[in-house]
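A quick write-up on the structure given underneath.
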Amino acid sequence: MSLELRHEMKPSLTAEEAARGRFVSGLRRFVLNDLAADMRAAYERRVEPAFERAHGRPPADGGEIHKAMRSDPAFQTYSAVRVQAQKMVWDCVAPAVARERQRRQEIAEKAEGQSGSVTLDPNLEAPRNVTAIDVHLMPGSYTGGEAMDAGAVYDQGLAVFSMGLMGENLDDIGSSMAAYIAHRFPDFQPAKILDLGCTIGHNTLPWKVRYAKADVHGVDVAAPVLAYGSARAKLQGQELHFHQMSADALNFPDASFDLVFSSMFLHELSRKTREKVFREAYRVLRPGGLMLHMELPPNSQMNAFDGFYLDWDCYYNNEPFYKGYRDEDPKALCLKAGFAADDYFQFVVPSIGIAGEPAVVTAAASAKPLPVRDRTTGRLAEGVSWFGYGAWRR
C-alpha cells in the first residue's frame, strides 16, 4: 500500500528520503509481524511453562506476562528494534519537513481564502501530558518545532508509521467509523459534529465527506497541528473548523452538537482528565445525539497475552496512560458521565480501506456485532479492524 500522501501540504521528497521512508516502514512491518510472532512463540514455548511451574497457574493478566517476558531474549529483541524503528520514523521525515518549511507556508497561504477556519488561543497552556514528554517518541511532541512543523512531521511520520494501512490520506479510522454509523443508523443525520483531540484533522475530514451538509469542528490543545490541519483540509476542498481548546473544558454551549467523536485520543489522557472529557461530551450533546470513540479494545475483552502485547506502548513508547485506560471499562466510563446503560453500544468494524465498504455494511447490518478479534482489532496488520463504542444521549 502507498506511503505517499495525496494532498498539497505533503512534502516533496527526494528519492533518498522516499527510499528511507520505505525502509523504515518495512522495518516496522518486520517488527510487528515477524518479531512479534517470534515473541509469541517464545511466550508459549518458554515463558508460560516456566511461569506455571513456578506459580502453579498461568499468568493472570498482561501485567504478569510483562514481568515474566522482560528477561526473555525474544522480548528484548522485539522491544529494542521496535523502539529504534519508532525513532527512525521521525528521523526520516524531519529533514524534508525542515527543508520545505517556506514552501509549506506559501501553500498554506494560498488556501487562506477558502472555506474553513482555525481559531487559536494564545492564552491556552498545553497540558503536561502533551508538553512534558515526547509522545510516541516524536521529538517536541505535538507542539515542537517552528510554525506548522509538528503537524507536518506527524502527517508524514504517520504515513511511514502506518505502513500504508491508514490510506493515502491517513483517514481510514474516520472513514471506517463514519461509514459504519451511516449504515447502522441511516436515520441519524448529524447537523453538527465535533472531533476531540483531532490533531491534523485526518480523521475529522471523513465525517464531512460522509455527512456533507454537517457543520464539522475539531479541537486540540496544540496550535501547530491545528494550523497545519486547517490548511490541509482547505486544500482538499473541505470546510472544517478547528479550535485550540482542551477537550475537558470545551468552550461550546450546552446541547450544541449531534455527534461527538474521538479517535485514538482517550488513552493519552489521565483518568481524571478522561472523566472530565466524557462529562463535557455529554454536556455538549443534544438530546438524541451520539458520543462515539474509536480506541484500543479494553483488556477485559482480550486474552492476557494480547493485552500484554497492546500495552507495550505504555512502557516503551512514551504513552504513560495507555494501560490505565485499557484497564477501564468503556461502558462504565459512559455511565459515569450520565449516559444510560441501555444507550451504550460497542462494535468492531473492518478497515474500509482494506476490506471495502461492503464489509462495513455487512458489519453494520449484523444483528450480532463482530467480537474483538485479539490478533487484528486495533493493531496495524493485514485485515485490521477498529474497535468503537459509544452512547446515545436521551
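A few remarks follow.
- Verdict on Ala233 being over 28 Å from Glu146 (Cβ atoms), out of contact with any Pro (no Cβ under 9 Å at 6 or more places or on another chain) and at pLDDT 95 or above: no
- Residue list for region 375-394, restricted to those being free of Cβ contacts under 8 Å to residues at least 60 places away in the same chain and surrounded by 23 or more Cβ atoms within 10 Å (Cβ to Cβ): Ser385
- Condition met for Asp342 (out of contact with any helix residue (DSSP H, G or I) (no Cβ under 9 Å at 6 or more places or on another chain) and acidic (Asp, Glu)): yes
- Among the residues of region 336-356, the ones that are more than 18 Å from the chain's Cα centre (by Cα) and either buried (at least 16 other Cβ atoms within 10 Å of the Cβ) or not in a helix (DSSP H, G or I) (or both) come to 8 in all.
- Restricting region 140-151 to residues that are part of a loop (DSSP other than H, G, I, E, B) and under 18 Å from the mean Cα position of the chain (by Cα) leaves a set whose member that is surrounded by the most Cβ atoms within 10 Å (Cβ to Cβ) is Tyr142.
- When region 118-139 is filtered for residues that are in contact (Cβ under 8 Å) with a residue 12 or more places away in the chain and either in contact with a strand residue (DSSP E or B) (Cβ under 6 Å, 6 or more places away or on another chain) or in a helix (DSSP H, G or I) (or both), the ones remaining, listed by number, are Val118, Thr119, Leu120, Asp121, Leu124, Asn129, Val130, Thr131, Val135, His136, Leu137.
- Boolean, Val361 is of a type in the set (Val, Ile, Thr), touching a residue at least 12 places away in the same chain (Cβ under 8 Å) and crowded, with 19+ Cβ neighbours inside 10 Å: no
- Here Pro58 meets the list (1) modelled with pLDDT of 95 or more; (2) surrounded by 15 or more Cβ atoms within 10 Å (Cβ to Cβ); (3) not in a helix (DSSP H, G or I) almost entirely, failing just condition (2).
- Residues in region 183-217 that are touching a residue at least 40 places away in the same chain (Cβ under 8 Å) and closer than 17 Å to Ala359 by Cβ: His183, Arg184.
- Listed conditions (1) within 26 Å of Gln238 (Cβ to Cβ); (2) assigned to a loop (DSSP other than H, G, I, E, B); (3) in contact with a Phe, Trp or Tyr (Cβ under 8 Å, 6 or more places away or on another chain) are all met by Ser115, apart from (3).
- All positions within region 95-109 that are exposed (fewer than 14 other Cβ atoms within 10 Å of the Cβ) and touching a residue at least 60 places away in the same chain (Cβ under 8 Å): Arg103
- Restricting attention to region 303-334, the residues that are outside any loop (DSSP other than H, G, I, E, B), in contact (Cβ under 8 Å) with a residue 40 or more places away in the chain and closer than 24 Å to Leu285 by Cα add up to 5.
- Boolean, Glu168 is assigned to a loop (DSSP other than H, G, I, E, B) and within 24 Å of His136 (Cβ to Cβ): yes
- When Asp258, Asp248, Asp311, Asp306 are checked against the criterion of being at pLDDT below 95 and either out of contact with any helix residue (DSSP H, G or I) (no Cβ under 8 Å at 6 or more places or on another chain) or within 29 Å of Pro139 (Cα to Cα) (or both), Asp306 stands alone in meeting it.
- Evaluated against (1) in a helix (DSSP H, G or I); (2) touching a residue at least 40 places away in the same chain (Cβ under 8 Å); (3) farther than 25 Å from Leu32 by Cβ, Tyr154 falls short on exactly one condition, (3).
- Counted residues, region 70-112 - those being farther than 20 Å from Ser141 by Cα, in a helix (DSSP H, G or I) and of a type outside the set (Ser, Thr, Tyr): 14
- Gly338 vs. criteria modelled with pLDDT of 95 or more, farther than 17 Å from Ile65 by Cα and of a type outside the set (Phe, Trp, Tyr): yes
The values are calculated or read from the model by the stated rules, or taken from the named source; none is laboratory data. Keep in mind that this is a model prediction, so the values were computed, not measured. Quick reminder, even Gly has a Cβ in these numbers, built from the backbone with ideal geometry, and neighbours come from all protein chains shown.
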